[in-house]
Amino acid sequence: MVNDMRFQLGSLLEMKKPHAKPCGSKFWKVIRYGADCKIKCEGCGRIVMIDRVKLKKRIKHVVEE
Ligand SMILES: [Zn+2]
């Protein structure tokens, strides 16, 4: 499968895997975009920094750009 997920600052992303319990949310918002991105969990509000290439592999679907 070709991975050409496009997203930008403010995009809402649906991940392949849910966030750890008890959260379980699959939706994260991009709050910083760069070589390293920062994403915020829509369920529990946790913020994580992640390499953009790795992040792309974890996205199931870009809900909104
Ligand atoms: Zn969460």
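Read the figures in this text as sums done on the coordinates, not as results from a lab. What you are looking at is a predicted structure, and each value in this text was computed from that prediction instead of being measured. Using ideal geometry, Cβ is built from the backbone for each residue, glycine included, and neighbour counts are taken over all protein chains shown.
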Counting only Cα, what are the radius of gyration and maximum Cα-Cα distance Dmax of the chain, in Å?
10.8, 32
Pop out the ³J(HN,Hα) list for region 49-58 in order, Karplus 6.51 cos²θ - 1.76 cosθ + 1.60 with θ = phi - 60°, rounded to Hz; leave Gly and Pro as x.
9, 8, 4, 4, 5, 5, 4, 4, 5, 8
Please list the non-local residues whose amide H lies under 5 Å from the amide H of CYS37, H modeled 1.01 Å from N, same-chain partners needing a gap of 5 or more.
ILE50, ASP51, ARG52
Just to confirm my understanding: which cysteines in the chain have no other cysteine beta carbon less than 4.7 Å from their beta carbon?
CYS37, CYS41
Could you please report the charge total around ILE31, scoring K, R as +1 and D, E as -1 over all other residues with beta-carbon less than 10 angstrom from its beta-carbon?
+4
Which far-off residues, 5 or more places away or on another chain, put their amide H under 5 Å from the one on VAL63, with H placed in the peptide plane?
LEU12, LEU13, GLU14
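When the dipole is taken about the Cα centre of the chain, and only Lys, Arg (+1) and Asp, Glu (-1) are charged at their Cβ, what size is it in debye, to the nearest 20? Intermediate values should be presented prior to the final figure.
Values: 16 positive and 7 negative charges, 60 e Å.
Value, rounded to 20: 280 debye.
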Roughly what would the spin-label model give for LYS40 and VAL53, points 7 Å off Cα along C-beta, in nm?
2.9 nm
Expected vector for region 6-16, Karplus 3J(HN,Hα) from phi with 6.51, -1.76, 1.60 and θ = phi - 60°, integer Hz, x for Gly and Pro, equals 10, 8, 8, 4, x, 5, 9, 10, 9, 8, 5
